[in-house]
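Read the structure below first, then the notes.
The values are calculated or read from the model by the stated rules, or taken from the named source; none is laboratory data. This is a predicted model, so every value here is computed, not measured. Cβ: placed from backbone, ideal geometry, glycine included. Neighbour counts: every protein chain shown.
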């Protein structure tokens, strides 16, 4: 009998402790149920916010890994040496082809270059332009031989753009005649 009474008191104590724990997290319903529903919704939002924070941390880690991979690839892409095919000549970071024995206007010269898998030359800075100009001067024997670059004002007269669509710099050293 003592055993039954002891078990009964243990069960009653456990039930009382569980009841207190339940009441602590889920207060009793008020007559209009508003407060309890509000508490329940707030508790749900806390859980969802915690889950979102965990997902955000995982996403941030993935983005850092992607940024590291892209940075590593950028370094490997920029450090590769340019090798030029056939009759092309390496000039800075690009390959140039001078068809000095071909007499063509700008449009025909562009079609010719595109037939070779390229396009007319585009220069991003004055140093690249100067290096290409030096190559042209050393390669063209007859003064006055036309050499075309990829700049045009075909779309709007006076508004010069590279064939790549970027604005073409104006003024020295990009504009002018040599001899």
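Details
- Unmet requirement for residue 97, which otherwise passes all of (1) within 31 Å of the chain's Cα centre (by Cα); (2) closer than 30 Å to residue 121 by Cβ; (3) modelled with pLDDT of 85 or more: (1)
- Applying the criterion of being free of Cβ contacts under 8 Å to residues at least 12 places away in the same chain and assigned to a loop (DSSP other than H, G, I, E, B) to the residues of region 89-102, the residue that is surrounded by the fewest Cβ atoms within 10 Å (Cβ to Cβ) is 101.
- The selection criterion, being touching a residue at least 12 places away in the same chain (Cβ under 8 Å), more than 30 Å from the chain's Cα centre (by Cα) and surrounded by 13 or more Cβ atoms within 10 Å (Cβ to Cβ), holds for residue 112.
- The one condition in (1) under 20 Å from residue 169 (Cα atoms); (2) in contact (Cβ under 8 Å) with a residue 40 or more places away in the chain; (3) touching a helix residue (DSSP H, G or I) at 6+ places or on another chain (Cβ under 7 Å) that residue 121 fails to fulfil: (2)
- When 107, 132, 128 are checked against the criterion of being part of a helix (DSSP H, G or I) and exposed (fewer than 13 other Cβ atoms within 10 Å of the Cβ), a single residue qualifies: 107.
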